[in-house]
Amino acid sequence: MIQHLGFQVEPWAVRETELDLDRLQQTESVFALANGHIGLRGNLDEGEPFGLPGTYLAGFYEVRPLPYAEPGYGDPEAGQTIINVTNGKIMRLLVEDEPLDIRYGELRSHERVLDLRAGVLRRTLEWVSPAGRPVRITSTRLVSFAQRAVAAIQYEVEALDGTTAVVVQSELVANETLPRAERDPRAAEALASPLQSELFRAQDKRAVLAHSTRASGLTMAAEMDHVIEGPSGTEATSESIDDLVRVLVTADLEQGEPLRIVKLLGYGWSSQRTLPAIIDQVAAALAQARHDGWDGLVAEQRAYLDEFWDRADVEIDGDAELQLAVRFGLFHMLQAGARAENRAIPAKGLTGPGYEGHTFWDTESFVLPVLTYTIPRAARDALRWRHRTLGLAREHASSLGLKGAAFPWRTIRGQECSGYWPAGTAAFHINADIADAVLRYQAAADDDEAFASGVGLELLVETARLWRSLGHHDAAGRFRIDGVTGPDEYSAIADNNVYTNLMAERNLREAFDAAQRNPQRAADLGVDDEEAAGWRDAAQAMLIPYDSEQRVHAQAEAFTDHEIWNFDATTPEQYPLLLHFPYFDLYRKQVVKQADLVLALHVRGDAFSDEEKARNFAYYERLTVRDSSLSACTQAVIAAEVGHLELAYDYLAETALIDLDDLQHNTRDGLHIASLAGTWIGAVAGFGGMRDHGGILSFMPHLPQALSRLSFRVCFRGRRLLVEVGHRHATYSLLEGASLEIIHHGKKATVETGRPLRRSIPKPPARDAPSQPPGRSPLRRVPREPTRVA
C-alpha cells in the first residue's frame, strides 16, 4: 500500500503541515536544497532530532578499499564515497535554558514549505518549552543558484508570552555521527570521522573551519558570518575547537519582539590549491553575499528561477498532484546540475549519500536530455566533465585490453568504482550513452562549433575506438559485440544486446561522419582513413538479434529461448528480486529488471517500425518487474506511442511520485534524480510524443482521458518552442528565434514567431492491452485535486 507522506497538493510548493518523526529521513531528502555545487539535506535547524544529517560538496569524496574474496585482474582496488562535510545549517535555540527539541514540551504547530518558484525552504513552528515558555520560530533557507559557493539562512525567534531570555547557537560542525548504513547494496557506506582538522578560527560574528581528507587528498573550508537584529542588549560571542565553531547570540525578548539572524555560509574545496587560497575564496564569496544582503540573495534566487521556469515549465491540467510532481522533479533536477560546472551529477544529486554519491549512465541517458532542452549550458558542462576524465577512461580501456576509452560504470572522480564486473564494467553501453548525449547536445545547440570540433569530436572518436576493439566481424561479416550487459541488470554478460548494439551503431556512424567534417582535428587525434572506414563498416554490419518465431527482437541473442521466470511463485515481499534471489538464476531466465529493449524503442526508435514497437512492447511488458526506478518513465513513453494511453498515465504517475510517495522505500538515502528527470521525459516524450531523431524535432502527441491539457517548452537551436496539447489539437508557438521546421504526426510543418501553428491529432491506434507480471502492474492512476485550504 502506498503511503502519502502528507504533502498538500499545490501548483508551486511542497507543503508539510504536520511533522512526522517516523518519516524524517524521507522528508529530509524531499526538502533538500542544492545548486549542483553545495547540497544541504532538509534537516531541522536545531540539528536534532534528525534522520540522516547531510551536507555535501559536488566531487568531494574519500577513498575506501574495495574488498574481494577472490581478486581478479583489472578489478578496481578502491572505491570512492561522498562525504558528509561541515554542517552549517545548525541554529540551536535555548529558551530560558531549555533547548528547543520538538520531542519535548508542546509543539503547537509545525509547517515546512519547499517553494519551487522562490527556491527556498521555509519553516514555521510554535513551541512551548517544558517550563511553559511559548515562542514562534520562522526560518528560511536557500542555496544560491546565482552565487555558487553561498548558502544562507534567515532565522527569527519571537516571544509569545512575556519577557523571554533566548540564546541562539549558530554552528559549523564537522565529523557528525551518522546512522549505521543499511545492508541494501544500493545504500551508501558511511565513513567514520573522514575529515582531518586543518584550521579552526572564530572572531566576533565570523568563524571558519578547514579540513582535509586522509586518503583522497582533498581540502575544504566552510565559513560563516552573521547579520543580527535584536532588541537593545543583544550580544554575540564566539568560540572554536577542532571540529566545531560557534557564534552565540543572547537576547531578552519582550512579547511580540523578534530576534532576527541572517547566517551566511560559504563553501569551497580543491585538490590542487593551497589551504590559504581556499580560505580566501570562501571569504570572498561571503563578502559578495554580505554586500548583496539577505534580500538581494532572495531576489537573485527568484530571478534565476523565473528564467528557468520560463524556459522549462510543464503544465498539466486534470491532475493537480501530477502537476506538482512534474515541477518538483524539474526543480530537483535543476538543483542537481545547474551549477555543477565540470563536476559529476550524482544519481542522488546532493540530496543524500545513496549509491555513495556516484554518477552512472543515467546522467547521460535521463538527466542530460532534459538539461539539453531546458538549460543547454548545464548539459554542456556535464559533458565537459566526462571529457576531463578521458585520460582515466583510456587507462581503464587499456587495462581491459581495449582501445579508446572505457568510461566507468560508477564513479565520482573518474576511476571505476564498481567491484562487480557483470553489473558494472560489463555495461559498456555507458560509452554509447555518453556519445548519444554529445550528439543530442550538438544537434540542439547547433551553434557550439568549438564544442563539436573539440570535446564532442574527441568523445565520439574515443568511444568509437572502444566499440571497434570490443566487437568483431564474424564469419558471415556481421559485427558482433559479445559478453556485455545492457540496461537490464538481470541479464548480464549477454551477446549482442540490442540496446547496446544499436547505440554503438550510431556512435560508430556519427564518429565517422564527425571525422569527415573535421579532418584536420581528427588527424590530430590520430584518426586516419582506414580507422574511420572501420567504424563505418562496423556500423553498417551491426548485428541486431530478431526472433522470427516470436516476431520480436530478442533483448540479446537467445534471450527469448531462456526459461521464463516463475512469476506466479514469486511473492510481493520478494521484490526487488536482487535482494532475494541469486544473480546466476536471474541471469539465465526471462525476467527484466528495467526497460532495456523497450528503452531502445525510445532512443533508437528510428530503427523500428510501428508494428515492431507494438509487438516488442507487449512481449517485454509481461517480463518487466521494474526493480529499478529508471524503468517506469520509459515504459510510459512507449506505452503512449503504441496507443496504451491509460497505462502510460499510470507509469508516468509512478515515475513522478517515486520520492514524494517514497514508492521504493529508499528516499531516505536521497532522491532519484534520473527518475525525476524521467517525469519530464514521460510527459514530453510520452504524451507530447517528442523525438529528436536525425536532429529534427518531431511530435506525436496524445493525452489520456483524465488530462485535458499538456503544455511544455523546449530550447532548440537558439529558439524557444511552446507546445500545447489537447485531446483533438496541438498548437506550436515559437516564442523566440528564427522559424523552425518540425514534424507533427509524420507531416512536416514550419513554425514562425508570432504565428502559432495548430494541427489536429489523429486517434491513437487501438490495440489489446498488454499484461504485466503478476502483482507488478502499476497502480491505476486516480487524479488528485488541489488541497483545499480552510
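If R₀ is 56 angstrom, what is the calculated FRET efficiency for the pair GLN705 and THR274, using the beta carbon separation as r and rounding to 0.05?
Efficiency, from the Cβ-Cβ distance: 0.35.
Quick one: which of LYS348/LYS403; LYS89/LYS348; LYS593/LYS613 span more than 23 angstrom between C-alpha atoms?
Details: LYS348/LYS403 31 Å; LYS89/LYS348 20 Å; LYS593/LYS613 19 Å.
Listed pairs above 23 Å: LYS348/LYS403.
What full-extension length gain, to one decimal in nm, is calculated for LEU107 and LEU178 as 0.36 nm per residue of separation minus the Cα-Cα distance?
23.0 nm
Once fully extended, how much extra length lies between ILE493 and THR787, figured as 0.36 nm per residue of separation less the alpha-carbon to alpha-carbon distance?
Once the chain is fully extended between ILE493 and THR787, it gains 100.9 nm.
Once you put a point 7 Å from the Cα of LEU160 and another 7 Å from the Cα of ALA749, both along the Cβ direction, what distance in nm separates them?
5.7 nm
Set the Förster distance to 56 Å, then compute FRET efficiency between SER771 and ALA215 from the Cβ-Cβ distance, nearest 0.05.
Calculated transfer efficiency: 0.65.
Determine the share of the chain's accessible area contributed by carbon and sulfur atoms, expressed in whole percent, with a 1.4 angstrom probe. Present the calculation step by step, with values, prior to reporting the outcome.
On the way: 13440 of 29130 Å².
Carbon and sulfur atoms account for 46 percent of the accessible area of the chain.
With contacts defined as alpha carbon pairs under 8 Å and 6 or more residues apart, what's the relative contact order of the chain in percent?
Values: 1841 pairs, mean separation 97.9, N = 790.
Contact order relative to length: 12 percent.
Could you work out the relative contact order of segment 245-355? I mean the mean sequence separation of Cα pairs under 8 Å and 6+ apart, divided by the number of residues, in percent.
12 percent
Where in segment 524-572 are there GluC sites (Glu not before Pro) that are in a DSSP coil and have at most 15 other Cβ atoms within 10 angstrom of their Cβ? Display every interim value, and only then the final one.
Numbers: sites: GLU530, GLU531, GLU549, GLU557, GLU563; in loops: GLU549, GLU557.
Hits after loop and neighbour filter: GLU549.
Could the peptides 102-114, 337-349 be put in order, highest first, of the mean number of other beta-carbon atoms found within 10 Å of their residues?
With the highest mean Cβ count within 10 Å placed first, the list reads 337-349, 102-114.
Taking the alpha-carbon centroid of each part, what is the distance from segment 750-770 to segment 15-78 in angstrom?
Centre-to-centre distance over Cα atoms comes out at 43 Å.
Taking 0.36 nm per residue of separation and subtracting the Cα-Cα distance, what length does fully extending SER197 through TYR583 add?
Working it through step by step, the gained length comes to 134.6 nm.
Give the cross-link partners of LYS748 among the lysines, using a straight C-alpha distance below 21 Å as the criterion and excluding same-chain residues fewer than 8 apart.
LYS763
So, in nm, how far is label ALA287 from label ARG117 when the simple model puts each one 7 Å beyond its Cα toward the Cβ?
Reported label-point gap for ALA287 and ARG117 is 3.7 nm.
How many nm separate the modelled label positions at TYR575 and SER453, each set 7 Å beyond the Cα in the direction of the Cβ?
5.2 nm
Dipole size in debye (nearest 20) for the chain around its Cα centre, Lys and Arg Cβ +1, Asp and Glu Cβ -1?
1640 debye
Just how large is the dipole of segment 498-550 about the Cα centre, in debye to the nearest 20, putting +1 at every Lys and Arg Cβ and -1 at every Asp and Glu Cβ?
For this selection, approximately 240 debye.
In whole Å, how far is the Cα centre of segment 276-301 from that of segment 489-554?
Spelled out, the Cα-based centre of one part sits 49 Å from the other.
For the chain, compute the orientation-averaged projected area of the C-alpha convex hull (one quarter of its surface), in nm².
Across all orientations, the chain yields a mean hull projection of 33.9 nm².
Send over the per residue convex hull volume for segment 209-340, Cα only, as a whole number of Å³. Walk me through the intermediate numbers first.
Working: hull volume 25.1 nm³, N = 132.
Dividing the Cα hull volume of segment 209-340 by its residue count gives 190 Å³.
If amide hydrogens are placed 1.01 Å from N in the peptide plane, which non-local residues have theirs closer than 5 Å to the one on ARG709?
ASP317
Per residue, how much accessible area does the chain have with a 1.4 Å probe, in Å²?
Averaged over the residues of the chain, the accessible area is 37 Å².
Grab every C-alpha pair in segment 602-739, bin the distances at 10 angstrom width from 0 up to the longest one, and report whole percents.
12, 39, 34, 14, 1
Consider just the alpha-carbon atoms of segment 379-488 and return their Rg together with their Dmax, both in angstrom.
14.3, 43
Looking at segment 657-789 only, what percent of DSSP beta bridges run antiparallel? Nearest 5 please.
Numbers: 24 of 27 bridges.
Bridges in segment 657-789 that DSSP calls antiparallel: roughly 90 percent.
How compact and how long is segment 446-536, expressed as Rg and Dmax of its alpha-carbon atoms in Å?
14.5, 44
The values are calculated or read from the model by the stated rules, or taken from the named source; none is laboratory data. What you see is a predicted model, and the numbers here were worked out from it, not measured in a lab. FYI the Cβ positions are ideal-geometry reconstructions off the backbone, even for glycines, and counts take in every protein chain you see. Accessible surface is based on the protein model in full, side chains and every heavy atom, while ligands, DNA and RNA are left aside. Shrake-Rupley method; radii C 1.70, N 1.55, O 1.52, S 1.80 Å.
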